[in-house]
Amino acid sequence: QRSPSCETVLCAPGNAPIASSGNATCISDLEVYDGAAVISFCRKMGVGLVVVGPEAPLVAGLTNELLKAGIPTFGPSAEAAALEGSKNFMKHLCDKYDIPTAKYKTFIDPSAANEYIQEQGAPIVIKADGLAAGKGVTVAMTLEEANEAVDQCWSRVILVLQVVVSLLRNFYKEKKHPFLHWLMEKMQFHYNPAQDHKRVGDGDTGPNTGGMGAYSPAPIITKELQSIVIHSIIIPTVKGMSAEGCKFVGVLYAGLMIEKKSGMPKLIEYNVRFGDPECQVLMVRLESDLVQVLLSACRGELSGLSLNWSPGSAMVVVMASNGYPGSYEKGTVIENLQEAELAAPGIKIFHAGTLLTLKENLLQLGGVFLGLLPREMILKWHVIELIKLLRS
């Protein structure tokens, strides 16, 4: 919306806070999984660039349909989105192109998976193949946790008609170090590091989630480590995808773990879109014209483009529903938002799973519903006091 070349921002489906902000027009009735409907809408409105945000429409092939219709679209094809859509595909790619990753084995039978767990012991990481909204991973510290995770994965697999469960050993520090890469076919890319924290509880405890917050830059990512990651993980991945006929244009987000003994990075997973909430801390630091950057990526012209990042830091803290990422109550009224904005005017409040009723009550519906991001450097206690106010 800040880009001089952007006349209007349309957001589908959007939400009430986005609509009331004046920064975008929300199209709540557009079915984003219906490629024909999206194409018709884009043609009617004269849309000059589509950015596909969530992973599900990417995996479903929305980018393929838009590009076929001649509409500039930022986001990987369905074939390339398999890097996130199928953990089994990603692990096979790592094997084939010598990309460092953890030991793993794939199963189509839960009893065989449980036998393997007994042989390997804990800790062990259990992953269900397919999309799971950031909640398909269990870092099991005991055999009982691992077996329970297999049961949960299998229930999810049956529901979505997928039949692969991937397991890998957890030999690494429990820190995740994602990179943001703007990639296109000719190996042109830019990066800036961010780090998120996945566990739901204070003190890095509890089950993994889609992300409870993030910060950028990530001090642990040194220039030496950046170089290793790019040459041992990112470049082989892009070359491998190209060799497989799945050219990648878009955001490639590498989730890394660092080995305790060697300090070397290994690939845990890929995201194929702007991370959430990592996108928030990265975009608030981006000083370049975002529209021109995305269009350049679509055209394969990133080589002459440099990205400018603010020298400061950014962080976001997520508020989640009680019980998340498991079952949680829905429909709780969110109060004190105006008071919170007055109490901490330097904070931007992002809305996710919220709904504005006809009576102007703002309800919590999603497991993650608010993200609190300082617009400028503020004291830590501002964030703490703000969270206390909203919790009340």
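Per residue, what accessible area does the range 26-146 have, given a 1.4 Å probe and all protein chains present, in Å²? Don't skip to the answer; put the middle values down first.
Numbers: 5500 Å² over 121 residues.
Value for the range 26-146: 45 Å² per residue.
Among residues other than P13 whose Cβ falls under 12 Å from its Cβ, what is the net charge (Lys/Arg +1, Asp/Glu -1)?
-2
Any aspartates and glutamates with Cα under 18 Å of the K223 Cα? List them, leaving off those in the same chain fewer than 8 positions away.
Here the aspartates and glutamates satisfying the reach criterion relative to K223 are E259.
Of the accessible area of the range 28-106, with the probe set at 1.4 angstrom, what percent is carbon plus sulfur?
On the way: 2030 of 3720 Å².
C and S fraction of accessible area: 55 percent.
About its Cα centre, how strong a charge dipole does the range 270-384 have in debye, to the nearest 20, once Lys and Arg get +1 and Asp and Glu get -1 at the Cβ?
Result for the range 270-384 is approximately 160 debye, rounded to the nearest 20.
By the scheme Lys and Arg +1, Asp and Glu -1, what is the net charge of all other residues having a beta-carbon under 12 Å from that of P311?
0
Taking the Cβ-Cβ separation of A243 and I108 as r and a Förster radius of 30 Å, what is the calculated FRET efficiency to the nearest 0.05? Spell out each step's value before the answer.
On the way: r = 27 Å, r/R0 = 0.89.
The value I calculate is 0.65.
In the structure displayed, which of K330/K359; K44/K359; K103/K198 lie more than 23 Å apart, Cα to Cα?
Pairs exceeding the cut-off: K44/K359.
Using a basic spin-label model with each label point 7 Å from the Cα along Cα→Cβ, how many nm lie between Q292 and A16?
For the pair Q292/A16, the computed spacing is 3.9 nm.
The values are calculated or read from the model by the stated rules, or taken from the named source; none is laboratory data. Predicted model only: the values in this text are computed from it and were never measured. Every residue, glycine among them, receives a Cβ derived from its backbone with ideal geometry; neighbour counts consider all protein chains shown. Heavy atoms of the whole protein, side chains included, go into the accessibility calculation; ligands, DNA and RNA do not. Shrake-Rupley method; radii C 1.70, N 1.55, O 1.52, S 1.80 Å.
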